[in-house]
1. Select one label from (1) 52; (2) 62; (3) 47: the one whose number is percent of Cα pairs over 25 Å apart as derived from the coordinates shown.
2. Of all DSSP beta bridges in the chain, what percent run antiparallel (nearest 5)?
3. Full extension from Asp38 to Ser254: what is 0.36 nm times the residue separation minus their Cα-Cα distance, to one decimal in nm?
4. Compute the Cα gyration tensor for the range 75-232, then decide on rounded, prolate or oblate, letting a ≥ b ≥ c be the square roots of its eigenvalues: rounded whenever a/c is under 1.5, prolate when a/b is larger than b/c in the other cases, and oblate in all that remain.
5. If amide H atoms are built 1.01 Å from N in the plane of the peptide, which residues on other chains or at least 5 residues away come under 5 Å of the amide H of Lys202?
6. Based on DSSP H runs of at least 4 residues, each adding -39500 (n - 2.57), what is the mean residue ellipticity at 222 nm of the chain after dividing by all its residues, to the nearest 500 deg cm²/dmol?
7. Go ahead and run the numbers for FRET between Gln210 and Ala89, Cβ-Cβ distance against an R0 of 45 Å, rounding to 0.05.
8. Apply the Debye scattering formula to the range 11-110, with a single equal point scatterer on each alpha-carbon and no solvent, then give log10 I(q)/I(0) at q = 0.11, 0.25 Å⁻¹.
Amino acid sequence: MDQINWGIIGCGDVTEVKSGPAFNKIPHSRLVAVMRRDADKVADYAKRHNVPAWYTDADALINDPNVNAVYVATPPDSHADYAIRAMRAGKPVYVEKPMALNAAECDAMNRVSQETGVPLFTAFYRRSLPYFLKVKELIDQRVIGDIRYVSMQLNWLPPSAASDNVKPGWRVSPEISGGGYFHDLAAHQFDFLEFALGRITKASGIARNQAGLYAADDIVVATFDFESGVLGTGSWCFTASNAQRLEQTQLIGSQGNITFSFFENFLIKVETASGTDEYTVAFPEHVQQPLIEQIVSDLRGEGKSPSTGKTGARTSQILDWITNGETGF
């Protein structure tokens, strides 16, 4: 492929700044069509972002001859359906995370990609962000020696109804999102950990709903085991008090530790016997742009995307192991 002409299915909040504008800021890439079921909203999006075509029907966008690649940015319950339709039409797909409702749907998407030969990519953009590449560089340089274990902790307040614009919101409706806020956030965390530390071979956990604010789990605790021998633990509580608010990940090594954040700050702290070093690495304006650049390069035969359908499916499998009480293999 030479020129990548993108069509977006589902132009909601994530496409306003994080991803949508990036398609027109990358050489050999252009956003040519958008689709949303609400005609007024999709027309408004197209006007504001200077997109030449808009649709209220997904098949109309997929079959638009000017579109040769599709970005699926809907909630997870329709990811597999739209992605498979687009791939069967011969159009490469970039799909939001989590990749689908569960690992079984991810496997179905990957089978179609393999059968058709049409590429499939997943929006785990932290694999391309400078902040997280710095964390990986520190790991690869062994600045804290051999990694022994990973500790993740997230304590957040109960979300207000405004956070999803509707109550209780699709992110905490398991039939739409696949789970709760754990699925939405921990997907990013486990994907990056596999990118930085290698394959997770076992994972198990306990998921509960303690506060009864919505149908999904609101607390999860987990343990996980990397193929390399590194071990990990994590806890995610979405009904903590403001005084208990915390979001940090620590990598404990044989010669020190690295502390960083997935969602709340741009600081990386390295503590060793020689002292403490701190690195501040800001996110770009459009956080998905570095990954989209790599996907465009991949489609043009000039490089390889670090985030694919196969890597995205790995993360969904880990989430399933943890929330279904399984252990992995």
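Where a number appears in this text, it was derived from the coordinates with a stated rule and is not lab data. This structure is a prediction, so every number in the text was calculated from the model and none was measured. Note that each Cβ is placed from the backbone with ideal geometry, even for glycine, and that neighbours are counted across all protein chains shown.
1. Of the labelled values, this structure produces (1).
2. Working: 39 of 65 bridges.
Roughly 60 percent of the beta bridges in the chain run antiparallel, per DSSP.
3. Details: separation 216, 0.36 × 216 = 77.76 nm, distance 5.47 nm.
Working it through step by step, the gained length comes to 72.3 nm.
4. Details: a/c = 1.86, a/b = 1.08, b/c = 1.72.
Oblate is the answer for the range 75-232, as a/c is 1.5 or above yet b/c matches or exceeds a/b.
5. Amide H to amide H, under 5 Å and 5 or more residues apart or across chains, Lys202 pairs with Asp225.
6. Details: 9 runs with 97 residues, N = 329.
Estimated from H runs of four or more residues: -9000 deg cm²/dmol.
7. Numbers: r = 45 Å, r/R0 = 0.99.
Rounded to the nearest 0.05, the efficiency is 0.50.
8. Scattering profile of the range 11-110, log10 relative to I(0): -0.31, -1.50.
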